[in-house]
Amino acid sequence: MDTANGDAGSASTTQNGQREDDSNFKLRFCTVCASNQNRSMEGHLRLAQAHYPVISFGTGSLVRLPGPTITQPNVYKFNETSYDSIYRELDAKDPRLYRANGLLNMLGRNRDIKWGPERWQDWQVGLPRVKNETDQGRVGLEGGVPDIVITCEERCWDAVVDDLLNRGSPLNRSVHVINIDIKDNHQDASVGGSAIVDLADSLNRAAMEERERVGSAVFDAGGAGSRASFDERVPEVLGEWQERWPNLPATWTLSWF
Amino acid sequence: MAADSASTPSSNSAVSIAEQLEQLGAARKVALENTTYYDRIVKGVLPIIGPTAPIQLRRWGAEFLAESLATPVLATRDKENLTIAVLDTLKGLLDGAGEDAIVLKASISAAASAYPVAFRWIIHNSYHTESWEQMSAIKSRIFQIWDGAPAPVRLSCIKFAQRVVLAQTPSNGMEQKYNGLDVSLNMMTESHPLLDARQLEAEATGLLDRMLGVLQESSSDALLVDATINCLSILARTRPSTSNRILNTVLNFNPLKLANSPMTPKTKVLVRSLEKTTRMFLTHILRRDPGNQMAGRIQQYVERLTRSRAEIFDEAGRKRALADQATAAYGDAKRQKAETDIPQFSIPPLGPGPHSLAAVFTITNNPGLQAFDVTQLPDHLVSRISVRTLAGIDQKFLDFAISGIHDRLTSLYAAGAAAAAASQPAVINAATAPLGVEEDDDDDYEPDLTPAEDTEQILNKLDNAPPEEAIGSAADAGAALPLGPFTLPPPPTLDPETASKLSQAAAARVFGPLSSLKDPGTGTRRPKAGINRLAASSYDRDSWLTLITRLATRSTAGLDDGSDNSNTIVKAEKTGPSGMSLGDSIRELLFTYILEDWRRRIEIAVAWLCEEWYNDQLAKKSGMVGAGGLNYEKCALRLVDGFLSYITAQDKVLTRFLAEIPELSRPLLGKLKALCADPTTVQLALTSLLYLVMMRPPVREIALDTVAEIWTEYEDARPLAAKYLVKWRPGFIELQTRGAGGEVPPPTSNMAVAT
């Protein structure tokens, strides 16, 4: 990924992604990719390091990781396989190969974030997540309902939006579903992670501004741009973000849980 | 935990609000951990979050109510009690004039979850009018707020209306049975004292129109349009009375209207969002409800939308492609001057520095051709071009090109090995290697356990993957082709005998698929492909046999003659200890295969002999006949010998065989004479010969000679032979009888043995 991306996003983020937990209101995020391994987990980690409540999912039918040849991927079941067990299996199979292609490194990171890959379609939205005591980004998402879903590929966005249509929106909760096209490799996932944090910061700022306005003022103010609600400002924030990250095409919709 | 009055904000009360929020948060966590506490905790917080509470508590409270009434951990039945208990507070929150938008949004969301529960409850408990009156009051208050409310509140109003429509229309029973989605007019009894089904449905129809209004007035408010479209799916799928109205409205909606206005970043997001949301909704309906009567219209609409979108958005993509070409200075590919003197070409050795794989194999100097990406061509085209080219290419040029590439690779290998000695080149760039393996399952994501994806897809992806470009700086020649460091262990040495055994085994394996491929004879007759038929292109048993016969006759032609004379087309037979050549092994197996069931496999025999004959002709033409000589005659004789000993009078295939094989010789036809030793097969032999006489003029003379010989040699065959000879070689018999002095000469040999 070239240098056109990433300048704006790193401003508020220190080298290792850690920073002060400086605000009391937090949007809740959910990151989604195909296998819940690389892109969504990079996003999960970076958002958690930025102190956002975050969970993550994959929309594929199975967890697929590269194998010894292009036609022999390593395939695992969602929700039943832990990152740790995948790590140990690949480490036993061919440590040199899987270290060289970065898989062990990635799995090692993932097993410190949460137990294992979860499938979006199997996730029961709103089921309390109080048992996941070691998950990173769990604080604030005990209710199990995020405000923003960020997918990392058009196909995943389609799967998420279609799945939400299929579920029939039983919870009556609006959710912004945003896609950011990130290539599925470690380098682009890392760049994408920065972009996701940048977007999260921008969105959270808009949401906080809405929260700080109290009372009927909002009601009376009508359509003044600066007084617009968070929901209305999402496309605008995303448009501005897109200018900063022109190589990560974004799509947005407002859907329902 | 008494609620502080909102009217006296002070630093003291602010602290206590923060404390209260903390306590409330802890209580919420208890409810999340153990659902049995929900009832108690929700009822417990109601006094604290009422309409007179401070704004922070009201916000928290409204959101907590929305969460509690929506939670999937409680069944609809369990929520009844809870719902009835909160209605009063909800009504209070909604009634407050100038209420905060966040409180309103959450309260209406809670009301949307409460509505189906309250509706179901009143159906079954018609005596309890009070709570239904509260719910109705909430409903009318929400519809009153709807117009003119801030966007987030309107969002919730849309959703509330959707739940009302869902509850007050008859269902087709296709919805999931949880969270009140299944509450519908079907639950109503005709004689409900309080509710009138027709009235309720009329209200639902009106509400649906109001919801759809945002689409009809061609609003460009993407937020509200998206929110509306994204909650219509369940109505269209499970409430048949709403389906037509919804689909008609969506199909009349133009999501690309905004595209005409100036494209600010925000407009781009909005246009894209409206377009994709509309398309997702329609494709969703097409997929989940394929029998929908509007499917055709939906299909058309989606296609049209895709085209318009491509026009609006892909412009940028096209322009970028052109710009890339220009910056790469490939020149104007269309106006490249064609090279006139083709034979003049040289293969320059590659300079130092990294080269892509493509560069190594590129020998043209034409910059336009160098830039051409062959992988863009479809496979079948590539194979056709390759075959044509290989067929027509001058051998000298091919050799020249091969040696040129060979030199390049040798020098690169040397450079690579030298570089590898200094530093291990990264075989895989871990940072940029594609990670996720592409899946080909559609958006449905049915969990299937088919192990891997389409090989072709992966290869395609590989082709498109970037890492083949030159890596690294100019100095490092080794990095270009990381072939250096890895060597396979040498294979065990192979003596001629094992080699021959292995090649026999390999040849035998070629016959393996025949047993699994289905027999074409059993099925219906296949249509004749005619002259345009391409051999071995139908992937059935016939194709495989064609392949085998060609393997036997052509595969090693010109390759395994050990001598120095080049361009030998027919291979020389090596008769060392290694025994047969590969071609002969296959011939041997083919022979056995045919004889195993020769009556049915006679066609294969004919096909094989045709191939042998063709190959012999080529060999003759080139004037290079290998040490083994020509094969056709040998094989034909052997085959005839093989099945003649099994032949019976009914085996008409013999006639056919003789008629179809490409060349007949005296020795071959001579074999037929043996048949006449057996009186039962005399007729077969002579009829076959007669057929040849009549239908194959070129061999008429040989055939007649054979008949004549039969006449001479076999007493028993004379009557029939004579009949043919009289007709086709008049005077022969007279000549014979006269020559023998008026007597019929006795058979000279092969006296028929009575059987």
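Could you identify the single residue in A:Asp163, A:Asp135 that is assigned to a loop (DSSP other than H, G, I, E, B), acidic (Asp, Glu) and under 16 Å from A:Ser56 (Cα atoms)?
Result: A:Asp135 is the single residue among A:Asp163, A:Asp135 that is assigned to a loop (DSSP other than H, G, I, E, B), acidic (Asp, Glu) and under 16 Å from A:Ser56 (Cα atoms).
Considering only segment A:62-84, state which residues are of a type outside the set (A, V, I, L, M) and without any contact (Cβ under 8 Å) to a residue 12 or more places away in the chain.
Within segment A:62-84, A:Gly67, A:Thr69, A:Thr71, A:Gln72, A:Pro73 qualify.
Would you mind stating whether A:Leu45 is modelled with pLDDT of 95 or more and buried (at least 21 other Cβ atoms within 10 Å of the Cβ)?
In short, yes.
Answer yes if at least one residue in segment B:82-99 is surrounded by 24 or more Cβ atoms within 10 Å (Cβ to Cβ), under 18 Å from B:Leu195 (Cβ atoms) and β-branched (Val, Ile, Thr), and no otherwise.
Within segment B:82-99 (the criterion being surrounded by 24 or more Cβ atoms within 10 Å (Cβ to Cβ), under 18 Å from B:Leu195 (Cβ atoms) and β-branched (Val, Ile, Thr)), the answer is yes, since at least one residue qualifies.
Of the conditions (1) closer than 17 Å to B:Ala149 by Cβ; (2) modelled with pLDDT of 90 or more, B:Asp88 satisfies every one except a single condition; which number is it?
(1)
Hey, among the residues in segment A:145-159 that are more than 10 Å from chain B (Cβ to nearest Cβ) and among the hydrophobic types (A, V, I, L, M, F, W, C), which one's surrounded by the fewest Cβ atoms within 10 Å (Cβ to Cβ)?
A:Ile148
Please go through segment B:242-271 and give me each residue that is modelled with pLDDT of 90 or more and of a type in the set (Lys, Arg), ordered by number.
Selection gives B:Arg245 alone.
Residues being under 11 Å from A:Gly58 (Cβ atoms), out of contact with any helix residue (DSSP H, G or I) (no Cβ under 6 Å at 6 or more places or on another chain) and not hydrophobic (A, V, I, L, M, F, W, C): count how many of those fall in segment A:111-132.
4
Which count do you get for residues in segment B:675-690 that are under 23 Å from B:Ala605 (Cα atoms) and either in contact with a Gly (Cβ under 7 Å, 6 or more places away or on another chain) or surrounded by 17 or more Cβ atoms within 10 Å (Cβ to Cβ) (or both)?
Of the residues in segment B:675-690, 8 are under 23 Å from B:Ala605 (Cα atoms) and either in contact with a Gly (Cβ under 7 Å, 6 or more places away or on another chain) or surrounded by 17 or more Cβ atoms within 10 Å (Cβ to Cβ) (or both).
Give segment A:91-108 a look and list any residue that's within 13 Å of chain B (Cβ to nearest Cβ) and of a type outside the set (S, T, N, Q), or say none.
Within segment A:91-108, A:Asp94, A:Arg96, A:Leu97, A:Tyr98, A:Arg99, A:Ala100, A:Gly102, A:Leu103, A:Leu104, A:Met106, A:Leu107 meet the criteria.
Has segment A:90-100 got any residue that is among the aliphatic types (A, V, I, L, M), touching a residue at least 12 places away in the same chain (Cβ under 8 Å), surrounded by 15 or more Cβ atoms within 10 Å (Cβ to Cβ) and assigned to a loop (DSSP other than H, G, I, E, B)?
Within segment A:90-100 (the criterion being among the aliphatic types (A, V, I, L, M), touching a residue at least 12 places away in the same chain (Cβ under 8 Å), surrounded by 15 or more Cβ atoms within 10 Å (Cβ to Cβ) and assigned to a loop (DSSP other than H, G, I, E, B)), the answer is no, since none of the residues qualifies.
Can you find even one residue in segment A:161-174 that is closer than 20 Å to A:Ala200 by Cα, under 14 Å from the mean Cα position of the chain (by Cα) and either among the polar types (S, T, N, Q) or more than 8 Å from chain B (Cβ to nearest Cβ) (or both)?
No, the conditions are met nowhere in segment A:161-174.
(1) among the aromatic types (Phe, Trp, Tyr); (2) surrounded by fewer than 24 Cβ atoms within 10 Å (Cβ to Cβ); (3) in contact (Cβ under 8 Å) with a residue 40 or more places away in the chain: which one isn't true of B:Tyr127, the others all being true?
(3)
Considering each residue of segment A:116-171, count those that are among the hydrophobic types (A, V, I, L, M, F, W, C) and touching a Phe, Trp or Tyr at 6+ places or on another chain (Cβ under 7 Å), and give that number.
11
Looking at (1) closer than 30 Å to B:Tyr178 by Cβ; (2) within 9 Å of chain B (Cβ to nearest Cβ), which one does A:Gly67 not meet, given that it meets all the others?
Result: A:Gly67 passes all but (1).
How many residues does segment B:673-694 contain that are hydrophobic (A, V, I, L, M, F, W, C) and closer than 16 Å to B:Lys652 by Cα?
Counting residues in segment B:673-694 that are hydrophobic (A, V, I, L, M, F, W, C) and closer than 16 Å to B:Lys652 by Cα gives 9.
Only one of B:Gly296, B:Gly353, B:Gly317 is modelled with pLDDT under 75 and farther than 30 Å from A:Ala250 by Cα; which?
The match here is B:Gly353.
Would you mind finding the one in B:Asp442, B:Asp407, B:Asp394 that is loosely packed, with under 11 Cβ neighbours inside 10 Å and either away from chain A (no Cβ under 14 Å) or modelled with pLDDT under 80 (or both)?
B:Asp394
Which of the residues belonging to segment B:272-287 are at the interface with chain A (Cβ under 7 Å from one of its Cβ atoms) and in contact (Cβ under 8 Å) with a residue 12 or more places away in the chain?
B:Arg272, B:Ser273, B:Thr277, B:Phe281, B:His284 - these are the residues of segment B:272-287 that are at the interface with chain A (Cβ under 7 Å from one of its Cβ atoms) and in contact (Cβ under 8 Å) with a residue 12 or more places away in the chain.
Helices (runs of 4 or more DSSP H) wholly in segment B:184-264 with at least 2 residues that are surrounded by fewer than 22 Cβ atoms within 10 Å (Cβ to Cβ) and assigned by TED's automatic domain parsing to the domain that holds B:Trp132 - which ones?
Helices (runs of 4 or more DSSP H) meeting the threshold: B:197-216.
Which one is nearest to the chain's Cα centre (by Cα), of the residues in segment B:140-160 that are under 17 Å from B:Ser113 (Cβ atoms) and basic (Lys, Arg)?
The selected residue is B:Lys159.
The values are calculated or read from the model by the stated rules, or taken from the named source; none is laboratory data. Values in this document were obtained by computation on a predicted structure and should not be read as measured data. When we count neighbours, we look across all protein chains shown, and the Cβ atoms used for this are built from the backbone with ideal geometry, even at glycine.
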